[in-house]
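Notes for the one structure printed next.
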Amino acid sequence: MDMVKKLLHTRYRVKDLEKTVAFYRDVLGLKELRRQRSGRGSQLVFLKAPDSEEEIEICKFDESGPVVVGPDLTHLAFEVDDLEKFAKEAAAKGYPLSDGPHLINGKILSLISRS
């Protein structure tokens, strides 16, 4: 049996595709790689952080009903050079940290609101 070699992408289904893509692109600095429509009609946008191979696939699929995500169900983690500077820039763009920063296992953890 062949073994998995690497993670290619992770899909997140969202209700507002353009707002979500703008957040990842304009606040986090991810690069939009491509847009496409799936065979079932989902609108897909693929993004990537500058120093990562893995992609994030943002998906909007109206026919599947509303997106419901419980608290603390899912998250993505990104590395930044200067957390304080990043937090100030994110807040200036309308995305203040909703929690943190907290020190956990010797590492800094901060969260941006999931809404």
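If I ask for residues that are over 18 Å from Tyr24 (Cα atoms) and at pLDDT 70 or above, which ones from segment 72-102 would you list?
Within segment 72-102, Glu84, Asp99, Gly100, Pro101, His102 meet the criteria.
Considering (1) without any contact (Cβ under 8 Å) to a residue 12 or more places away in the chain; (2) β-branched (Val, Ile, Thr); (3) assigned by TED's automatic domain parsing to the domain that holds Arg11, say which one Ile104 fails and leave the rest.
So the condition that Ile104 fails would be (3).
(1) part of a helix (DSSP H, G or I); (2) of a type outside the set (Lys, Arg); (3) in contact with a helix residue (DSSP H, G or I) (Cβ under 7 Å, 6 or more places away or on another chain): which one isn't true of Val21, the others all being true?
Of (1) part of a helix (DSSP H, G or I); (2) of a type outside the set (Lys, Arg); (3) in contact with a helix residue (DSSP H, G or I) (Cβ under 7 Å, 6 or more places away or on another chain), only one is false for Val21: (3).
Does Glu63 meet the test of being modelled with pLDDT under 85, outside any strand (DSSP E or B) and surrounded by fewer than 16 Cβ atoms within 10 Å (Cβ to Cβ)?
Yes, satisfied.
Residue by residue through segment 25-61, note down the ones that are more than 23 Å from Ala90 (Cβ to Cβ) and among the polar types (S, T, N, Q).
Gln36, Ser38, Ser42, Gln43
The values are calculated or read from the model by the stated rules, or taken from the named source; none is laboratory data. Please read all numbers here as calculations on a predicted model, not as lab measurements. Every residue, glycine among them, receives a Cβ derived from its backbone with ideal geometry; neighbour counts consider all protein chains shown.
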